[in-house]
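Quick note: the coordinates plus some simple rules give every number you see, no bench work behind them. What you are looking at is a predicted structure, and each value in this text was computed from that prediction instead of being measured. Don't worry about glycine lacking a Cβ; one is built from the backbone with ideal geometry, like all the others, and counts go over all protein chains shown.
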Amino acid sequence: MSLYHVPSLRDPGQDAPARNTTGAPERRGRRVLVSSVSSDSHTWNLVFLQLLLEELGHRVTNIGSCVPDDLLVEECRRVRPDLVVLSSVNGHGALDGARAVRRLRDEPDLRGLRVVIGGKLGVTGAGAGAHGPELMAAGFDAVFEDTAGVAEFRSYLDRYATPALAAAAAR
């Protein structure tokens, strides 16, 4: 098994506290873990997701393709992401994704982790929302069918706030 890490293309000084025009520290992006499902060997979709998320200000750990469920659990514990994004290009996302999210939900320390999936989720063609209900029932917080494109995912990211950021904003 190969584990691929795509190095960030952002400035190495990106971890320095960002400041807004008043000199106050700006809120940092989320820690996002990007992965494929266990049977998906495609990597360009993961690189695209990483670059998109970094462009939006998030800190991304890309653990690559063909990630077994146990490795996904291990990496979630190591990275402690605010969001996990699973991607599928080969059409087995519904099957592999449901199993992976159930595995995450079975772990008490990862049960509350926000997990989404997107891409080509089935092998029978793109039926609008065909896999969404079953994947939501399995434990995903959001499902993005490949026909929806990137706009719906970006909109989701804009609406979603981590509990820590929401609490800080409320003070």
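Run the simple label-point estimate for T147 and R78 please: 7 Å along Cα→C-beta, distance reported in nm.
Between T147 and R78, the label points sit 3.8 nm apart.
Mind listing the phi-derived Karplus ³J(HN,Hα) values for the range 100-116, rounded to whole Hz, using 6.51, -1.76 and 1.60 with θ = phi - 60°, and x for any glycine or proline?
5, 5, 5, 4, 5, 5, 6, 8, x, 7, 10, 4, x, 5, 7, 10, 10
For every other residue with a beta carbon closer than 13 angstrom to the beta carbon of G91, add +1 if it is Lys or Arg and -1 if Asp or Glu, then tell me the sum.
Numbers: positive: K120; negative: D40, D96, E145, D146.
That sum, taken over residues with Cβ under 13 Å, equals -3.
Give me, ordered by chain and number, the residues 5 or more places off T61 or on other chains with an amide H under 5 Å from its own placed amide H.
Close amide H contacts, sequence-distant or interchain: V32, L33, V34.
Would you mind checking which residues have amide H under 5 Å from R114's amide H? H placed 1.01 Å from N; only 5 or more apart, or other chain.
Under 5 Å from the amide H of R114: V84.
Using 0.36 nm times the number of residues separating R111 and E134, minus their current alpha carbon distance, what extension gain do you get?
Numbers: separation 23, 0.36 × 23 = 8.28 nm, distance 1.81 nm.
Here the segment from R111 to E134 would lengthen by 6.5 nm.
In the neighborhood of G122, defined by Cβ-to-Cβ distances under 12 Å, what is the net charge if each Lys or Arg adds +1 and each Asp or Glu adds -1? Show your work: numbers first, answer last.
On the way: positive: K120; negative: D96, E134, E145, D146.
After counting each charged neighbour, the total is -3.
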